[in-house]
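Down below is the structure, laid out as structure tokens.
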Amino acid sequence: MIVKTDAVVLRTMKYRESSRIATLYTRDSGKMSVIAKGIREHASRFGGSLDVLAYVSVVVYRKEHRDLQLLTRCDMKKPFRHLSEEIDRMAAALAAIELLDAVTHAAEENAPLFTLLVETLDAIDSAARNVVSPLLFFELHLLAALGYRPNVAACFRCGAPLEADDAGPARYALNSGSGGLYCDGCAPEGAAAETVSAGTLRSLQHLQGLGAPHDAARVALSPRIREEVSWTLRRLLQCHVEGLRPSKSEAVFAALAQS
Ligand SMILES: [Zn+2]
């Protein structure tokens, strides 16, 4: 079966002298491994576009029950020219695709998640500043796309609205086992409880209410809040995605944040 679809390149590796194997996240077929045979001899068919983070349109000769599909054509759909110009832009974009790669399985179609990924990469590429905010938007809405939309507006236990203003408590207890937050009255006793600040809760509520990653690029967060929002989202993801580990690009990030 010939499949024509759009895709983002998640990973690539050289195979023998002239071929390349790539992992794609496609709009119509989810994650897929492909081989581009003779990529050097047939540069016109692959358009020099089979690189990590490239947003491409592909033609794949697909056979059921075959792990590695045959890529017969790959064309650049839209270049993200600025990603390679700055290390923090690149790190944010790589963190998004690494995370997507970690939470998705082969051949699980999720067109809304594909759109979210492309819009996120585009926002990180084109943002004048705040390049991390679209990534945080992505992480929050990725949870929703996987069916685990966290409730950051109301108490997980009693349903009381969580008001992250001066009238509310300074910190809110996080229940990362179930992916929710407690109001002041329901918060369990004990120092072991994980908490988030009112500022982080406010930022999460704001990011959840936005429509698209491009809107998030207008959200300026202080380094402290950014780090706490990132940590909170990671805890929420970990409670739904088994074995999720800190990503390589996040380590780069952490180093950048401290420099
Ligand atoms: Zn409550």
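Rounding to the nearest 20 debye, state how big the charge dipole of segment 1-79 is about its Cα centre with +1 on each Lys and Arg Cβ and -1 on each Asp and Glu Cβ.
On the way: 16 positive and 8 negative charges, 9 e Å.
So the magnitude is around 40 debye.
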> How do 13, 32, 90, 76 rank when sorted from fewest to most other Cβ atoms within 10 Å of their own Cβ?
Replying inline: 13, 76, 90, 32
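From the Cα gyration tensor of the chain, with a ≥ b ≥ c the square roots of its eigenvalues, which class applies: rounded if a/c is under 1.5, or else prolate if a/b is larger than b/c, or else oblate?
Details: a/c = 2.57, a/b = 2.01, b/c = 1.28.
Prolate, because a/c is 1.5 or more and a/b exceeds b/c.
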> To the nearest 20 debye, what charge dipole does the chain have about its Cα centre, counting +1 at the Cβ of each Lys and Arg and -1 at the Cβ of each Asp and Glu?
Replying inline: 1020 debye
> Looking at the square roots a ≥ b ≥ c of the eigenvalues of the Cα gyration tensor of segment 13-104, which shape do they give, rounded for a/c under 1.5, prolate if a/b is larger than b/c, or oblate?
Replying inline: oblate
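For the chain, what is the mean residue ellipticity at 222 nm derived from helices alone (per DSSP H run of n ≥ 4: -39500 (n - 2.57); sum divided by total residues; nearest 500 deg cm²/dmol)? Spell out each step's value before the answer.
Numbers: 8 runs with 96 residues, N = 259.
Taken over the chain, the calculation gives -11500 deg cm²/dmol.
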> Considering only 90, 116, 208, whose Cα is most displaced toward the positive end of the charge dipole of segment 82-259, charges sitting on Cβ of Lys, Arg (+1) and Asp, Glu (-1)?
Replying inline: 208
>> Along the Cα→Cβ direction, 7 angstrom out, place labels at residue 41 and residue 2. What is the inter-label distance in nm?
In response: 2.1 nm
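What pairs in 37/77; 4/77; 14/63; 37/78; 4/63 have C-alpha atoms more than 18 Å from each other?
Working: 37/77 21 Å; 4/77 13 Å; 14/63 22 Å; 37/78 23 Å; 4/63 14 Å.
Those over the limit are 37/77; 14/63; 37/78.
Read-outs throughout are calculated quantities, based only on the coordinates presented, and are distinct from any laboratory measurement. Computed from a predicted structure; not experimentally measured. Positions of Cβ are generated from backbone atoms using ideal geometry, with glycine treated the same way; all protein chains shown enter the neighbour counts.
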